[in-house]
Amino acid sequence: MTSLSISHEDLAERWSLSFSDIEFVTCKPTPARLGLSVQLRYFAENGFFVQDRGAIPVDGVTYLAEQLGCDADALREYDFAGRTARRHCAEILQHLGFRRLKRADRDELTSWIAGELCPSGQSAGAMLDEVFLWCRDRRIYGRAPKELERLVRSQRQHYFDELVVGTAARLSECTVALLEGSLTDPDGPTGFNTMRGDAGQASLDNILGMTAKLAFIQKLDLPGDILAMTGKAWMEQIVRRVAGEKGWEMRRHAPAKQIGLYAIYLSSRQAQLTDAMVDLLIETIHKIGSRSKRKVIGEIAKDIERVYGKEKLLVDIAVASIDEPAGRVCDVIFPIVGKDKLAAIIKESQAKGALDRRIYKVMRASWANHYRRMLPSLLSVLEFRSNNAVWRPVLAALSWIRSKIDDGCRFVSAQDVPVEEVIPAKWRSSVIDGDGRVNRISYELCVLAQLRDCIRSKEIWVVGADRYRNPDDDLPRDFEVRRDAYYSALNLNPDARAFTAGIRAELEHELRLLNETIPRNDKVRLLWRGENRVSITPFKPLAEPKGLEAVKGEIGQRWPMTGLLDVLKEAALDTGLLDAFETSASRVALSREVLDRRLLLCLYGLGTNAGLKRVAGATPDVSYDELLHVHRRFIHASALREACARVANATLSARNAVVWGDAGTACASDSTKFGAWDRNLMTEWHARYGGRGVMIYWHVERRATCVYSQLKRCSSSEVAAMIEGVLRHCTDMEIQRQYVDSHGQSAVGFAFCRLLGFELAPRLKAIARQKLALPDAAMRARLPNLLPILSSAINWEEIEQQYDEMVKYTAAMQTKTADPEAILRRFARAEVIIQPTRH
């Protein structure tokens, strides 16, 4: 029996016996009553009888035993596969008024599966559960579960074949020929294996390769409604299946099926490639600027002897000049400051003033001599648009560049191209000469630099992209119609004034309480001078618990050499985490025992970073190809996340509250840097930790169980990752308070956390410089103990004006219409003209 706990409400709803049920059960001999009642309630809830004793929750058995007045251990003597149990099943069907499945019922069920279940794209197991519930609601007892499973799988495969073949039938002959050519030569420039490859690091060759892939997909001219007709669930399964097959495996399918599969895959792949192409563009422009800056600063450091003590030299020169106003420079100044030192001062000043121009000069040389070759192909495959009129000049500049691709002119009049909002003021003198002419190559670099900033803040979006799509698509389209429903789901008041009134009253109460208690706090002092106004005395470290050393010693004696693979195997047996991994193919030929063993080996090799080859080398009866097959067919991100959620839920449920205490509703999150190869597109240089790599962002509950983890870039927002983990952790834990460090919080982060209904509790590194906002200016006089750290009053009117817009963004995150990172990009630039308030 499973040890997962059930809430009191679920126990009362699912495992309570009615009076007629008790009368039916008590007619049986005492030893069989508990087993009969378990069968009865299990069937009433699931639509089928107990097939595995391990699927019965312990809490449900205990609850039934209390109702019958017997011992819960009596269930151990009940044989669910025996003749008595089969007779009990027949009596339960009669007691509940169920009838056998007839031919007409089977035809109706088949139509329902084909019309309702198959288009949803659910797995065969989930569809089978729906079938049992369908039969239960109609008081029909289906045939053996194996027969119903065959019916479900047959209908599901029939729908899949029709979907794929129907897609292939809609393609033109030219498209089919291009797809066949790609499958025939899988390693060619646009071959099957090449199209599945990753973008790699930001380099000119990779950019040109990505543009060739995008150009190939655009040349196919695939129907635009393929994604909509296929459905998200089926699309994900087909993408997994095609991505897990090799070229010869694809060619093994029937011609129509392989073409249909490949067409659906490329329809989804186009958005991924577009996102990767934009990532490469952003990273390349950033790399040009950062490398140029490092080069110029390095040259300045070599060429210039920095002059120290210039203030003292200035005073000495001033004194000498006053003492001998009629003297010559060589007689008065040079004895104090030599000619060489004066020249060094002049050179240092000139170098500092020309730093931006020197950096731009190096950037232009790098662009003109190397990276400029990517521009024609880049503009041919990417289409940029904007919903903000402020940035239309950047789009106009891109259109001008696109129209002049084949034109060899090097200079153009400033009147013929957009200049405002395109050429930064610090670069204008380097781009526009004294005659008012614009250098074309310099202008291109300016446009791409501005384009990078606009794309990152989603002021400019890319047609056909996913992460860089139209920002209006990130918001719920039915928000205006279902506004009340969204407010209710977020537990927010639709009245903006009522919302701000509640916040205002809470803020006033907390400020008065802090003003009253802070004089008695000997750990905190408020200072009147300096930038750091808050002085905090650090806490002394806690002593190690007395019994901790004994616990460590006992664990070391009991399990001195427990292997990690054994721990993984026991976790799989206790939680059933391997059930989360389903094949992307149409069937599984491996036995369950063999498959589970290979899954464990694959998870061990991936989780420890030992790799599948090394694991296969240490396991004589399993080859690398066999492990690779299981990896490609069964292991993917969503399945891994589901498996992790099962382990976390089982850990939280198995804890003894007497020993571990209550689970609580608090969670902490932080990131860890891992080194990664440069060829990984997500690899970036970490400004704080140094070195190139990626970040893993963890959400850990109070007792050190990880409830969510995610991969992120070194430069991406930790605030977005924090919100993502709280909303998507998929465990039974309810997070009401989230602890973060200074990088996991921001003013916008506080606002969204409040609207989402959980409390953000950051550990502020710069706590000494923090200020407290006032609900109104008149309250300053009532807080004499907080005067050193009080700031200005909050503009409540502005919050009320933008309240509805902020709720719309919050609803987009809660309903998974958009990722938190996509929403927070809108707040990335301070100079964005149209955006919600930052209060």
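Taking residues in region 775-796 that are closer than 23 Å to A496 by Cα, and partners anywhere that are at pLDDT below 90 and outside any helix (DSSP H, G or I), the pairs with Cβ atoms closer than 7 Å and at least 6 places apart or on different chains are I794/H839; N795/H839. Checked against (1) exposed (fewer than 14 other Cβ atoms within 10 Å of the Cβ); (2) within 22 Å of D275 (Cα to Cα), N388 passes all but condition (1). Using the structure shown, decide if K569 is touching a residue at least 24 places away in the same chain (Cβ under 8 Å) and assigned to a helix (DSSP H, G or I). Considered against the rule, which asks whether it is touching a residue at least 24 places away in the same chain (Cβ under 8 Å) and assigned to a helix (DSSP H, G or I), K569 comes out as yes. When only residues in region 56-69 that are of a type outside the set (V, I, T) and out of contact with any Ser or Thr (no Cβ under 7 Å at 6 or more places or on another chain) count, which is nearest to R41 (Cα to Cα)? Step by step, filter region 56-69, then rank; the result is G60. In the set G197, G191, only one residue is open to solvent by less than 30 Å² (accessible area, probe 1.4 Å), free of Cβ contacts under 8 Å to residues at least 40 places away in the same chain and over 30 Å from R100 (Cβ atoms); that residue is G197.
Just one of (1) crowded, with 16+ Cβ neighbours inside 10 Å; (2) modelled with pLDDT of 85 or more fails for R83. It is (1). Scanning for something of a type in the set (A, V, I, L, M, F, W, C) and without any contact (Cβ under 8 Å) to a residue 40 or more places away in the chain, does region 48-62 turn up at least one residue? Yes, because at least one residue in region 48-62 is of a type in the set (A, V, I, L, M, F, W, C) and without any contact (Cβ under 8 Å) to a residue 40 or more places away in the chain.
From the list A271, A276, A254, the one residue that fits, being farther than 30 Å from A365 by Cβ, crowded, with 17+ Cβ neighbours inside 10 Å and modelled with pLDDT of 90 or more, is A271.
Any chance region 65-88 includes a residue that's in a helix (DSSP H, G or I) and touching a Phe, Trp or Tyr at 6+ places or on another chain (Cβ under 6 Å)? For region 65-88, residues in a helix (DSSP H, G or I) and touching a Phe, Trp or Tyr at 6+ places or on another chain (Cβ under 6 Å): absent.
Exactly one residue out of L117, L133 is among the aliphatic types (A, V, I, L, M), under 23 Å from A228 (Cβ atoms) and part of a helix (DSSP H, G or I), and it is L117.
Number of residues in region 664-709 that are at pLDDT below 85 and under 18 Å from A761 (Cα atoms): the value is 2. Do the conditions hold for G744, that is, is it without any contact (Cβ under 8 Å) to a residue 12 or more places away in the chain and farther than 25 Å from A276 by Cβ? No.
Counting only helices (runs of 4 or more DSSP H) wholly contained in region 599-710, the ones carrying 1 or more residues that are hydroxyl-bearing (S, T, Y) occupy 624-634, 637-654.
Residues of region 711-723 being of a type in the set (D, E, K, R) and open to solvent by 30 Å² or more (accessible area, probe 1.4 Å), which ones?
Restricting attention to region 711-723, the residues satisfying the condition of being of a type in the set (D, E, K, R) are 712-713, 718.
If the condition is that a residue be of a type in the set (D, E, K, R) and open to solvent by 30 Å² or more (accessible area, probe 1.4 Å), then R713 is the only one that fits.
Among the candidates A396, A465, A449, single out the residue that is in a loop (DSSP other than H, G, I, E, B) and either open to solvent by 20 Å² or more (accessible area, probe 1.4 Å) or touching a residue at least 60 places away in the same chain (Cβ under 8 Å) (or both). Before the answer, list the steps.
Values: A396 fails: in a loop (DSSP other than H, G, I, E, B); A449 fails: in a loop (DSSP other than H, G, I, E, B).
From the options A396, A465, A449, the qualifying one is A465.
Table: residues versus (1) assigned to a loop (DSSP other than H, G, I, E, B); (2) open to solvent by 50 Å² or more (accessible area, probe 1.4 Å); (3) modelled with pLDDT of 85 or more.
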residue: S16; (1), (2), (3): yes, no, yes
residue: L34; (1), (2), (3): no, no, yes
residue: V38; (1), (2), (3): no, no, yes
residue: F49; (1), (2), (3): yes, no, no
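Taken as a whole, the structure leaves R702 outside the set of residues that are farther than 26 Å from L727 by Cα, of a type in the set (K, R) and open to solvent by 20 Å² or more (accessible area, probe 1.4 Å). If the requirement is being crowded, with 19+ Cβ neighbours inside 10 Å and closer than 17 Å to A704 by Cβ, which of these qualifies: C602, C644? Testing whether each residue is crowded, with 19+ Cβ neighbours inside 10 Å and closer than 17 Å to A704 by Cβ leaves just C644.
Among the residues of region 477-526, the ones that are open to solvent by 60 Å² or more (accessible area, probe 1.4 Å), closer than 30 Å to A768 by Cβ, charged (D, E, K, R) and in a helix (DSSP H, G or I) come to 6 in all. Scanning region 740-761 for residues that are under 24 Å from Y689 (Cα atoms), assigned to a helix (DSSP H, G or I) and open to solvent by less than 10 Å² (accessible area, probe 1.4 Å) yields a total of 2. Annotation: L183 fulfils all but one of (1) open to solvent by less than 80 Å² (accessible area, probe 1.4 Å); (2) part of a loop (DSSP other than H, G, I, E, B); the unmet one is (2). Report the residue count in region 136-176 for those that are assigned to a helix (DSSP H, G or I) and open to solvent by 20 Å² or more (accessible area, probe 1.4 Å). Qualifying residue count for the region: 23.
The values are calculated or read from the model by the stated rules, or taken from the named source; none is laboratory data. Computed from a predicted structure; not experimentally measured. Every residue, glycine as well, gets a Cβ built from its backbone with ideal geometry; the counts of neighbours run over all protein chains shown. These accessible areas exclude ligands, DNA and RNA; they are computed on the full protein's heavy atoms, side chains included. Shrake-Rupley method; radii C 1.70, N 1.55, O 1.52, S 1.80 Å.
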